[in-house]
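For reference, the structure is listed below as structure tokens.
Values in this text are rule-based calculations from the coordinates and carry no lab data. Being a predicted model, the structure only gives us computed values, none of them experimental. Backbone-built Cβ (ideal geometry, glycine too); neighbour counts: all protein chains shown.
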Amino acid sequence: MSTVLHRLLKIAEEQRLTSDDFARTLSFVKVRALKAAGQHADGGGLVLHVSASGSKSWRHRFRLDGRPQTLTIGSFPAVGLEEARNAHRAARWLVARGLHPLKHVEGEIEREQAEKQARTENTFGAIAENWMTATASNLSPRTVKHREAMLAKHVFPILGERPIKEIVRKDLHTLLTKLDQVSPVTAKHCRGYIGQIFEYAEDAELVEANPTPRAGVLVKAMGRSVKPRKALPLNRLGEFLRTLEDAPETDPLTKTALKLLVLTWSRTSEVTGARWEEFDLDAGTWVIPADRMKGKEPHTVRLSQQAVRLLRELRERSKGEVLFPNRRKPGETMSRTTLYQWRTRWGFADIMDVHGLRAVASTWANEAGKYRPDVIEVALAHKEGDRVRAAYNRAQFVDEVRRLWQDWADVCDEKLKIARAQNVVELPKAAA
């Protein structure tokens with residue numbers, strides 16, 4: 001059954017078009033027996049057309065806007081007499097209202113297909129996927145995974161299949177305030193992502209305005225104070241380094257990764273994802289590419305002598321392109337969790353976060369009073385808002401930042417030396 005015929009029959013059913021104001025002249029037996037070529041009228045403009053080859057088709061002949069028109073309803077016997085008559089009644093009903101049956105039905109089909117497409121292609125979930133794809137290149141892999149997980153767990157189950165233009169502020173208010181009661185931090189992240197998705201949709205003219213509620217609706221999130229990362233106290237740095245070196249059951253790769261983290265002031269993901277192609281050990285440099293940096297700008301670490309020595313030792317036993325391969329998942333790099341677990345296992349979880357190792361180095365440098373604040377910021381890879389000034393700083397601070405990292409490595413050695421001296425236990429002398 002053709003789509004047009006199906007629509008005409010549906011109109012006949014909806015409008016209850018079951019009778020005629022004229023006499024019908026054909027019957028099923030007569031229709032089946034007809035063989036003479038030509039037009040065989042049934043009444044009201046419905047005819048059975050028999051071709052010279054003997055094929056039969058139903059046609060409705062009518063006038064619209066003063067012009068004769070013909071609508072082909074379908075072939076016999078695929079379209080029986082009663083179906084043809086019901087479709088004919090629907091066509092007559094449309095013509096009486098000044099509508100061309102075929103154009104009207106095709107227009108309705110096109111409209112419904114457009115609405116269906118809008119429901120499937122312009123759902124919140126579909127637009128969100130497009131937004132994530134369009135913006136992923138500007139983000140770190142960690143952020144990409146984070147927002148995908150947040151939306152998949154907390155937003156898509158509620159809004160994912162809804163047309164984005166039908167979502168109103170009240171819908172978002174309900175979702176976010178409920179989430180705020182359970183997990184304020186998650187609610188804050190989800191509100192940010194939802195707002196960006198609607199901005200994307202607004203720019204594409206898929207919605208007229210962004211309905212995302214103001215941040216104030218997240219009562220718990222707004223009232224939650226941000227806790228700084230726990231930084232290892234400087235007076236316990238030696239203890240940390242001594243424990244790290246002496247830990248008997250710790251994999252050498254884990255030890256090296258944590259030591260490199262301390263010596264370079266780098267972020268955890270920057271260390272665990274490091275590749276040998278980024279290093280020039282002869283020049284004492286490590287250039288971390290932009291796509292692995294939080295600020296999306298390349299960062300050069302001026303390696304201290306201790307860091308170079310550590311890396312040369314690692315290079316001798318390294319077999320692949322990455323410094324810290326994942327032992328359980330071939331092809332991937334070491335999980336940051338490995339470093340977090342070491343901190344917990346060896347009793348440092350209460351006083352430090354792994355990311356907080358950057359803070360202890362920064363605190364030492366600032367309190368030392370020997371290093372310019374701008375130099376410290378460059379070492380920490382903090383992004384400078386003024387691009388011209390940032391370029392100048394990085395060009396001018398090479399010697400200063402190298403000296404800063406070398407001084408810090410020397411401090412680490414000194415702290416370790418003191419910790420080892422304090423850990424020495426003198427045995428009682430044997431009796432004479």
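Below is a table of values for the structure above.
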| read-out | value |
| --- | --- |
| Those lysines that a straight Cα-Cα span of less than 28 Å connects to K417, excepting residues fewer than 8 apart in one chain | K230, K255, K259, K370, K429 |
| Fewest-first sequence of K319, K230, K178 by Cβ atoms within 10 Å of each Cβ | K319, K178, K230 |
| Aspartates and glutamates whose Cα lies under 16 Å from that of K56, excluding same-chain neighbours fewer than 8 positions away | D42, E82, E83 |
| Partner aspartates and glutamates for K415 [C-alpha distance under 14 Å; skip if fewer than 8 residues away on the same chain] | E239, E245, D407 |
| Net charge of Cβ neighbours under 10 Å - reference L253; Lys, Arg +1; Asp, Glu -1 | +2 |
| Per principal axis, descending, Cα span of the chain in whole Å | 136, 52, 49 |
| Protection-proxy order for peptides 158-167, 256-265, 186-195, each taking the mean of Cβ atoms within 10 Å per residue, highest first | 256-265, 186-195, 158-167 |
| The chain, helix-only ellipticity at 222 nm - DSSP H runs n ≥ 4, -39,500 (n - 2.57), divided by all residues, nearest 500 | -16000 deg cm²/dmol |
| Helix axis angle, 237-246 relative to the chain longest principal axis, alpha carbon, degrees | 80 |
| Nearest-ten-degree value, helix 336-345 long axis tilted from longest Cα axis of the chain | 50 |
| R403 versus Q181: modelled label distance in nm, points set 7 Å from Cα along the beta carbon direction | 6.0 |
| Relative contact order of region 3-119, defined on C-alpha pairs under 8 angstrom at six or more residues apart (%) | 25 |
| With Cα atoms, 0 to 90° folded angle of helix 305-317 axis to the chain main axis | 60 |
| Cα-centre dipole for the chain with unit charges at Cβ (Lys and Arg positive, Asp and Glu negative), debye to 20 | 960 |
| Region 18-81: mean projected area of Cα convex hull, nm² | 5.0 |
| Approximate shape of region 234-422 as ellipsoid semi-axes (Cα gyration tensor, √5λ), whole Å, largest first | 25, 21, 15 |
| Simple label model, 7 Å out from Cα along Cβ direction - R111 to R142, nm | 5.3 |
| Options V262, V301, A78, ranked by Cα towards positive dipole end of the chain, top entry (Cβ charges) | A78 |
| Translational diffusion of region 3-119, µm² s⁻¹ [Kirkwood Rh, Cα pairs; Stokes-Einstein; 25 °C; 0.890 mPa s] | 164 |
| Stretchable slack from N235 to E129, in nm (0.36 nm times residue separation minus alpha-carbon distance) | 33.3 nm |
| Local net charge near F28, Cβ-Cβ under 13 Å (Lys/Arg +1, Asp/Glu -1) | +2 |
| Gain in span if fully extended, D203 to V29, counting 0.36 nm per residue against the direct Cα distance | 56.3 nm |
| Packing-based ranking, highest mean first, of 398-406, 52-60 given that Cβ atoms within 10 Å are counted | 398-406, 52-60 |
